[in-house]
Amino acid sequence: MAISLTSLVRQGIVRGVNNAFGAGLTELRRGVVEYCVLALLAEEDRYGLELVRNLSSLDGLVTSEGTVYPLLNRLRDSGLVTTHWRQTGDDRPRKYYAVTPAGDAALARFRQDWSRFTEVVNRVLGVGGEPGA
Amino acid sequence: MSSNSSGKPSVGDFRLRLRHAVAELPRSEREQLLEPIDAHLEEALSTSSIDAEVREVLDDLGSPEMIADAAGAPLGASPRPPYHAFVALVVLTVGSVLLPLIGWVAGVVLLWASSRWTLAQKWLGTLVWPGGIGLVLIIGATAFGSPSSGFYVVPGTALVVLLFAAPVLVAIYLGSHIRATELI
């Protein structure tokens, strides 16, 4: 089952734990944010500021908007993301980021892994799960 | 933070600090990082001219140093403890005494091989002082050993203390400014 970002936030996996866990969450976040970027770009192509604002609106996911740009560069260098310039109306041309087929495949793999992972961790920690489940 | 909490936030200052912080990255990597951040600033600030809004845009971006650190770290890798950096400092100071000149040269090589310092910090570690403490000790011993140098003993002592303290202080400074390769 694929877990959307919004449901992640709703379940409290991401929300609010930033301050409570500090360094521990930094480690956790490091491996996860890149897939959240891929997930947002899989929904639709986005330009830098748009993507970064989307990410930072998800509480606790990124600590600094600026660090998303080095991450995007690495995703592009790894062939998971591609860029193109697009101009809409009278606006200035913007660099848009899009997911490549390799990025889609990596995201699909991660969705499966993440599902299994959170299920196990929730069970061990005795947290999470839908009410009544 | 990118601005003084009391003073006027400066986008120019942020850009300058970011350029300084990424100076060590390869040119193409540097340009690929600066270009989208400049675009981000330009677009985010196109509608904001009030100080509070400018400050918020800069604060949300994070410190230039944090962004540079994220750019220097490999994807998904955990930060490694800076063992090599500590070894470089020990060789640069203690090594230069135990093995005059050779120890110092080895320390300088390790210093420049490390990715934990900026270019300016590496130059500082190299130029204060060429030869390191070892050479200072040799020069000091030679000066005191010379029978005709009595007249210069007092200024000589101050000078030797200065020459001896400077590389120690530089090593302490470098030790406290080892970059953490934090990602995100």
Peptide A:26-37, shielding by other chains (average Cβ, 10 Å cutoff): 3
Taking a crude spin-label model, label points 7 Å out from Cα along the C-beta direction, the B:LEU101 to A:LEU28 distance in nm is 5.8 nm
What is the distance, in nm, between label points placed 7 Å from the Cα along the Cα-to-Cβ direction at A:SER78 and at A:GLN112? 1.8 nm
Please list A:113-122, A:35-44 highest first by mean number of surrounding beta-carbon atoms within 10 Å per residue. A:35-44, A:113-122
Show me, for the stretch A:73-78, the HN-Hα J-couplings you get by feeding each phi into the Karplus relation (A = 6.51, B = -1.76, C = 1.60, θ = phi - 60°), rounded to Hz, glycine and proline as x. 4, 5, 4, 5, 4, 7
For peptide A:58-68, what's the mean number of Cβ atoms from other chains within 10 Å of each residue's Cβ? 6
Can you give me the relative contact order of the stretch B:83-176 as a percent, contacts being Cα pairs under 8 Å and 6 or more apart? 33 percent
Name the residue farthest towards the positive end of the dipole of the stretch B:11-72 from the options B:GLY12, B:VAL54, B:ALA44, assuming +1 on Cβ of Lys and Arg, -1 on Cβ of Asp and Glu, about the Cα centre. B:GLY12
Cα-centred dipole magnitude for the stretch A:27-76, charges only on beta-carbon of K, R (+1) and D, E (-1), debye, nearest 20: 200 debye
Exposure proxy check: B:HIS40, B:HIS84, A:HIS84 ranked by fewest other beta carbons within 10 Å? A:HIS84, B:HIS84, B:HIS40
Other chains near B:60-67: what is the mean number of their Cβ atoms within 10 Å of each residue's Cβ? 5
Give the separation of the Cα centroids, the stretch A:67-127 to the stretch B:24-68, in Å. 21 Å
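Only the coordinates and a few stated rules stand behind these numbers; no lab work does. From a predicted model like this one, the values you see are computed outputs, not experimental measurements. Glycine also receives a Cβ, built like all others from the backbone with ideal geometry; neighbour counts cover every protein chain displayed.
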